[in-house]
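Step one of this worksheet: look at the structure below.
The values are calculated or read from the model by the stated rules, or taken from the named source; none is laboratory data. If you're wondering where the values come from, they're calculated on a predicted model, not measured in any experiment. Methodologically, a virtual Cβ is constructed for each residue, glycine included, from the backbone with ideal geometry; neighbour enumeration extends over all protein chains shown.
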Amino acid sequence: MTVYYTSNLIDLTNYYICPDQATIDQGKVAGYNGIFSIGTEADAQSILNICQQNWLNACVDRFSVNKDIDSDPVQTTWIPCDLNNEPQNTDQDYEIFNTIHGQYVLTTGLDNAKELLVQVKQNFLVFSGLGSVTTWSTWPPLPTKGLQTL
C-alpha cells in the first residue's frame, strides 16, 4: 500500500491518492478527512502541481523584481519590472525579493534573474510544505485532541 498526500493551502483541503478502494476505506476509518481518489504517483504529482500554482497565485504579492535604471556602477535607483516583458540581456542588474529571508538578492542578466525567481518560488513552496508529494506506506496515526492538565 502506498498513499500519496498533498494539500491545498488556500482552502485547506487534503488530498489522498490511494492505490485502491480498500486503502481509501482504511484512511476514512482511521479518521482522515479530505478528498480521496484512486491513482498513482503521477496523479498525485498532477494534484500537487495544481496546489503549488494556486498557492503561488494567491501569494503573488510576496514576489517582486526590480531593475537598476542607473548607468553608473552603484545601484541607487530601482524600479519594479516584469521579467516576462524584459528584453533579452546579459548586463542588466535585477533584484529578486527572497520571500523567506526577507531581503533582495542581486543578479545580473535576464536569464539569471528568471532562474533566480524560479528558485525563490520553489524555496517558498518547500517552506510552505508544498515541495513534493508526501508518501506513506501506512496511514500514520492522527494526533489526538484532548485536554491538557498543568
Matching residues, region 116-135, being over 16 Å from E95 (Cβ atoms), of a type in the set (A, V, I, L, M) and surrounded by 15 or more Cβ atoms within 10 Å (Cβ to Cβ): L125, L130, V133
Among what's in region 19-33 and is in contact with a strand residue (DSSP E or B) (Cβ under 8 Å, 6 or more places away or on another chain) and more than 14 Å from P140 (Cβ to Cβ), pick the residue that is surrounded by the most Cβ atoms within 10 Å (Cβ to Cβ). I24
From V105, V74, V65, residue being at negative phi, modelled with pLDDT under 95 and hydrophobic (A, V, I, L, M, F, W, C): V74
For region 65-75, indicate whether the set of residues that are surrounded by 14 or more Cβ atoms within 10 Å (Cβ to Cβ), under 16 Å from N8 (Cα atoms) and either of a type in the set (S, T, N, Q) or under 17 Å from the mean Cα position of the chain (by Cα) (or both) is non-empty. no
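Restricting attention to region 18-58, report how many residues are part of a loop (DSSP other than H, G, I, E, B) and under 15 Å from S7 (Cα atoms).
So the count comes out to 3.
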